[in-house]
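The values are calculated or read from the model by the stated rules, or taken from the named source; none is laboratory data. Since the structure is predicted, the reported quantities are computational estimates derived from the model, not experimental observations. As a convention, Cβ positions derive from the backbone with ideal geometry for all residues, glycine included, and neighbour counts pool all protein chains shown.
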Amino acid sequence: MPARSEWKGFLQVNQLQVAVKAFSAASSEPEITLNQLHRGCGERIRQQRICPVHGPIESESIVSGYRVADECYLPIEAEELEQLRPDTDKAIAVHCFVDSQVIDPVFHTGRTLYLVPDGPPGQRAFSVLREGMKTTGRHAFSQLVISRREQLALLRPYGRLLAMTFVEYPHRVRSSADYESEVSRLTPGTNEMDLVRQLIETMTDSQFELNRYRDPYMDGLSALIEQHIAATDLTTTSKSPHLDEGADDERLMETLIASLKAAGVGNSMTGVPRSRTVEPERQEQKSA
């Protein structure tokens, strides 16, 4: 379990209030991200905020704007937007319970949090509520303030936990009626239906396991990065080489020199003392 929860508050069902904490249901496996680099020198590309009239500007000079026409925007100050945000409310307010099939998954945002009791006092109330939802086949429809926005959520039993999936507001989901005209009104024949039922039954996996599937792109990208690392001497190409704690002076000097060479600096090390190098004693010239 993660060391720190994403959210803490109360699950409120009428007069019943249970202290809960939430953990992200998304995998903790880090996503591989790539940066844009200059092919010539390897430096990371920086994105600048540029005004076409005044050139580069600071963040303090930027305001939000609503586009009302081509190249015409209505400025909106940050203070005005802040007034629209609700105060933080540490409560998941259950408005009602609905049948498990009422809200179609098309309204799900894809973000889910796992809810667990926050401490011993709420264990029994949490378990009773979860089992009640499980035995009645009901889900809890709720609303909460998170990230300074009022959001809709659907709670359902998930093992010994409650899974809270965020739901889109209806006006943010396109109506399927807008696309009905793309599908012809056809009545399948009896033979066709018999064949398709047989096909579906044949391909039905009664032991389906989602964890058998992995993202082939991310696996391939991970393998590709490992290949590049194995084929590249990073100690001579990295501009900021990693040094283990306790590395001796000689290794430090070697790493710095190699880094300078990789950065295009020549072999001349004027003014840089060499580590652990003892200058031989000068021999006095014998008089003739």
When you scan segment 123-145, do you find a residue that is surrounded by fewer than 12 Cβ atoms within 10 Å (Cβ to Cβ) and under 27 Å from the mean Cα position of the chain (by Cα), even just one? no
Does R111 meet the test of being touching a strand residue (DSSP E or B) at 6+ places or on another chain (Cβ under 7 Å) and charged (D, E, K, R)? yes
For segment 69-157, which strands (runs of 3 or more DSSP E) that fit wholly inside it have 3 or more residues that are of a type outside the set (F, W, Y), within 18 Å of R172 (Cβ to Cβ) and in contact (Cβ under 8 Å) with a residue 24 or more places away in the chain? 108-117, 138-146
Condition check: farther than 22 Å from Q143 by Cβ, in contact with a Cys (Cβ under 9 Å, 6 or more places away or on another chain) and either of a type in the set (S, T, N, Q) or exposed (fewer than 11 other Cβ atoms within 10 Å of the Cβ) (or both). Does S61 satisfy that? yes
Report yes if some residue within segment 171-179 is hydrophobic (A, V, I, L, M, F, W, C) and out of contact with any strand residue (DSSP E or B) (no Cβ under 9 Å at 6 or more places or on another chain); otherwise report no. yes
Determine whether segment 57-67 contains at least one residue that is part of a loop (DSSP other than H, G, I, E, B) and farther than 22 Å from R148 by Cα. yes
If you scan segment 73-103, which residues turn out to be of a type in the set (D, E) and more than 24 Å from L129 (Cβ to Cβ)? E77, E79, E80, E82, D87
The one condition R160 fails out of (1) of a type in the set (K, R); (2) modelled with pLDDT of 95 or more; (3) more than 28 Å from the chain's Cα centre (by Cα) is (3)
